[in-house]
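Just below is one structure, and these are the notes that go with it.
The values are calculated or read from the model by the stated rules, or taken from the named source; none is laboratory data. No experiment lies behind these values; they were computed from the predicted model shown. Positions of Cβ are backbone-derived with ideal geometry, glycine not excepted, and every protein chain shown enters the neighbour counts.
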């Protein structure tokens, strides 16, 4: 996708869609606040960069030739997300006292395994256009990622503050866990639904 306007719209549409990474960012904002959660954006950027470059430059052709590889990757992502959802659920209200429900490591790994990276690597960032074409698009992607990441953290902080004022603060990590778990179930069940 070499048209800059279409590229920006595609990146914003995909990044803005709720998913496992955005759920973690919102959960972090809700439990730790905006300022303390902003460093997680660097972990998200790192995860997407490694994943998109690996998929776009190396694994993309292999996945096209071996559909089983895509299925194995989907299963691995689903299992990881289920374990992450379980950990978020277990911490529950205790997370509000520590403020460290979501770690940079969790955001990095979740983003590294995020299925959205496949969309970016194989359909949005123009790797096929040549070596000199894709780097500016990747930089643009990262700039848009910062804006969208700040939005998700701020939205989580606002919702978390409202929940805490009503005495529902302990439910916030569990809502995040349920959302992450739902994404995991969808990933694992998708091959059986179609």
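In table form, for the structure just shown:
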{"read-out": "Flag for residue 26 being within 14 Å of residue 140 (Cα to Cα), in contact with a helix residue (DSSP H, G or I) (Cβ under 6 Å, 6 or more places away or on another chain) and not in a loop (DSSP other than H, G, I, E, B)", "value": "no"}
{"read-out": "The stretch 10-53, residues that are free of Cβ contacts under 8 Å to residues at least 12 places away in the same chain and under 30 Å from residue 69 (Cβ atoms)", "value": "13"}
{"read-out": "Among (1) part of a helix (DSSP H, G or I); (2) surrounded by fewer than 19 Cβ atoms within 10 Å (Cβ to Cβ), the one test that residue 21 misses", "value": "(2)"}
{"read-out": "Residues satisfying the stated conditions in the stretch 125-156, i.e. modelled with pLDDT under 85, in a helix (DSSP H, G or I) and surrounded by 13 or more Cβ atoms within 10 Å (Cβ to Cβ)", "value": "127"}
{"read-out": "Residue 101 touching a helix residue (DSSP H, G or I) at 6+ places or on another chain (Cβ under 6 Å) and surrounded by 13 or more Cβ atoms within 10 Å (Cβ to Cβ)", "value": "yes"}
{"read-out": "Flag for residue 159 being out of contact with any strand residue (DSSP E or B) (no Cβ under 7 Å at 6 or more places or on another chain), modelled with pLDDT of 95 or more and assigned to a helix (DSSP H, G or I)", "value": "no"}
{"read-out": "Residue list for the stretch 81-119, restricted to those being under 18 Å from residue 18 (Cβ atoms), assigned to a helix (DSSP H, G or I) and modelled with pLDDT of 80 or more", "value": "82, 106, 107, 110, 111, 116, 117, 118, 119"}
{"read-out": "From the options 5, 14, residue that is modelled with pLDDT of 90 or more and within 25 Å of residue 139 (Cβ to Cβ)", "value": "5"}
{"read-out": "Any hit, the stretch 32-41, residues being surrounded by fewer than 22 Cβ atoms within 10 Å (Cβ to Cβ), farther than 25 Å from residue 139 by Cα and modelled with pLDDT of 75 or more", "value": "yes"}
{"read-out": "Tabulated pairs, the stretch 165-194, first more than 13 Å from residue 30 (Cα to Cα), second modelled with pLDDT of 70 or more and part of a loop (DSSP other than H, G, I, E, B), C-beta under 8 angstrom, 6+ apart or interchain", "value": "179/18; 183/19; 187/115"}
